[in-house]
Amino acid sequence: MRIRYSTLEDGQPVRKANIYTRGEHGINFADVDKDAVHIVERLRANGFETYIVGGAVRDLILKKKPKDFDIVSAASPARIKRIFRNARIIGRRFRLVHVYFGPRIFEVSTFRSLKDGTTSNTFGTIEEDVLRRDFSLNALFYDPLKQEVVDYVGGMKDIKEKRIRPIIPLKVIFQDDPVRMIRAVKYAASSGFALPLFLRWKIRRQSALLAPVSPSRLTEEIMKIINAPAASEIVENLENRGLYVYLQPNASRLMRDAGFRARYLKSFAALKEKPGEAEVPGWNVAALIRDYLEDYLDWDAGVHENYRNAFIAARKFVLPMNPPRVELDRAVRLLFSEHGITLKKARLFERGKIVFRGAGEDEKSDMPPERLPGAETAAPKKKRRRRPRYRDAPSAPPPETGE
């Protein structure tokens, strides 16, 4: 292990970070995304200090293969965009850059300072940026070119001791961003790490801060949870810590019943057995609504009416989450297929009716297609009325020109 120093105003050296070599951090370079390495390499070649950071580094150290690779750099968003043609700047308050490689997106941020607190958007240095990160296990910087891990906050030690430790002072960490409570529980459940007593106590005391969080942010967190390998463990821990009620209040209420709770968690545990997203569209979102719809629907009712009721009920049940309409539609159709009912996509007929085919029968709806939940079609276009031409009406006088 090497040590990184900086110099005080009086010229005295001060220890800043520990640098772990390949043999010490144990990251398998073959698990590092080649496109992420390319981004780091390009920014370094242009003179900007750049690293892979956050959850990807944590997962690599824990011998897991990350899904996403976030990158942090000394380059400004405008400069990053000039270096990469396949990039665009996003965000208003926190300006980031998305670099595109085909369908994949890499998020590149700029080092931020502590000048205006832990939520400001002023650019700074790596020493300042690391102190803005939530927990020590997410504050490690990986240099894929030298294959070194730079640790300013003792994150490597915390990972070895399986401990979740906040970097931001406890009195403000959740006030600045209440979603950090969800993330703390998620990290502990997915990695098997322990939440210290003082952190558990703070989460219990400040859980109500999640109430005003926007539905879009809650939707983002739920989607991350259901796509995580340890989804069942995460949901169970969030419920035990009194946080799941802010993500899925209707499900949390039903989980007071031991039977529903066991079935609900089993649905999340089954996500590990998913054969592939392409083969089973809507598989993950279905875990949120499966057990509720099993009890809610009359599976012997007509296909169309049952689908319509299922879609509306599912939409209300997952509030305040607001999943994409197509994702929820796929999830509902998947549950119908589990009962042997195949619902093909809606089709537009001559009178604007929708036909659903299922269980060997056709059922027509008189509801306009634009109002039918899940209908993937548009309403018939209105015919434009043609204005009469003067040559078609010779008796009509020509318009006045005003001359």
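The values are calculated or read from the model by the stated rules, or taken from the named source; none is laboratory data. Since the model is a prediction, treat every value here as computed from it, not as a measurement. Note: ideal-geometry Cβ built from the backbone for every residue, glycine included; neighbour counts use all protein chains shown.
Below are the figures for this structure:
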{"item": "Residue within the stretch 124-139 that is over 21 Å from Ile168 (Cβ atoms), surrounded by 15 or more Cβ atoms within 10 Å (Cβ to Cβ) and either among the β-branched types (Val, Ile, Thr) or modelled with pLDDT of 95 or more (or both) present", "result": "no"}
{"item": "Selection from the stretch 39-55 of residues that are under 19 Å from Gly102 (Cβ atoms) and either within 18 Å of the chain's Cα centre (by Cα) or of a type outside the set (D, E, K, R) (or both)", "result": "Ile39, Val40"}
{"item": "Single condition Phe94 does not satisfy, out of (1) over 29 Å from Glu161 (Cα atoms); (2) of a type outside the set (A, V, I, L, M); (3) in contact with a strand residue (DSSP E or B) (Cβ under 6 Å, 6 or more places away or on another chain)", "result": "(3)"}
{"item": "One residue from Thr50, Thr21 being polar (S, T, N, Q), out of contact with any helix residue (DSSP H, G or I) (no Cβ under 9 Å at 6 or more places or on another chain) and touching a residue at least 24 places away in the same chain (Cβ under 8 Å)", "result": "Thr21"}
{"item": "Qualifying helices (runs of 4 or more DSSP H) (wholly inside the stretch 124-239; at least 3 residues being of a type outside the set (D, E, K, R))", "result": "155-160, 170-176, 179-191, 197-206, 215-226"}
{"item": "Condition met for Trp299 (out of contact with any Gly (no Cβ under 6 Å at 6 or more places or on another chain), free of Cβ contacts under 8 Å to residues at least 60 places away in the same chain and under 29 Å from Val213 (Cα atoms))", "result": "no"}
{"item": "Residues being in a strand (DSSP E or B) and modelled with pLDDT under 90 - total across the stretch 101-111", "result": "0"}
{"item": "The stretch 158-217, subset surrounded by 15 or more Cβ atoms within 10 Å (Cβ to Cβ) and of a type in the set (Phe, Trp, Tyr), residue farthest from Val318 (Cα to Cα)", "result": "Phe193"}
{"item": "Meets criteria (at pLDDT below 95 and aliphatic (A, V, I, L, M)) for Val150", "result": "no"}
{"item": "Residue within the stretch 232-242 that is buried (at least 16 other Cβ atoms within 10 Å of the Cβ), free of Cβ contacts under 8 Å to residues at least 24 places away in the same chain and farther than 30 Å from Lys65 by Cβ present", "result": "no"}
{"item": "Some residue of the stretch 2-17 being at pLDDT 90 or above and among the aromatic types (Phe, Trp, Tyr)", "result": "no"}
{"item": "Subset tally (residues that are assigned to a helix (DSSP H, G or I) and either in contact with a His (Cβ under 7 Å, 6 or more places away or on another chain) or among the β-branched types (Val, Ile, Thr) (or both)) for the stretch 75-100", "result": "2"}
{"item": "Given (1) at pLDDT below 95; (2) touching a strand residue (DSSP E or B) at 6+ places or on another chain (Cβ under 7 Å), index of the condition Val57 fails", "result": "(1)"}
{"item": "Some residue of the stretch 191-200 being among the polar types (S, T, N, Q) and either under 26 Å from Asp291 (Cα atoms) or in contact with a helix residue (DSSP H, G or I) (Cβ under 7 Å, 6 or more places away or on another chain) (or both)", "result": "no"}
{"item": "Selection from the stretch 77-95 of residues that are charged (D, E, K, R) and touching a residue at least 24 places away in the same chain (Cβ under 8 Å)", "result": "Arg79, Arg93, Arg95"}
{"item": "Filter result for the condition that a residue is under 21 Å from Glu127 (Cα atoms) and either modelled with pLDDT of 95 or more or of a type outside the set (Ser, Thr, Tyr) (or both), over Gly23, Gly47, Gly91", "result": "Gly47"}
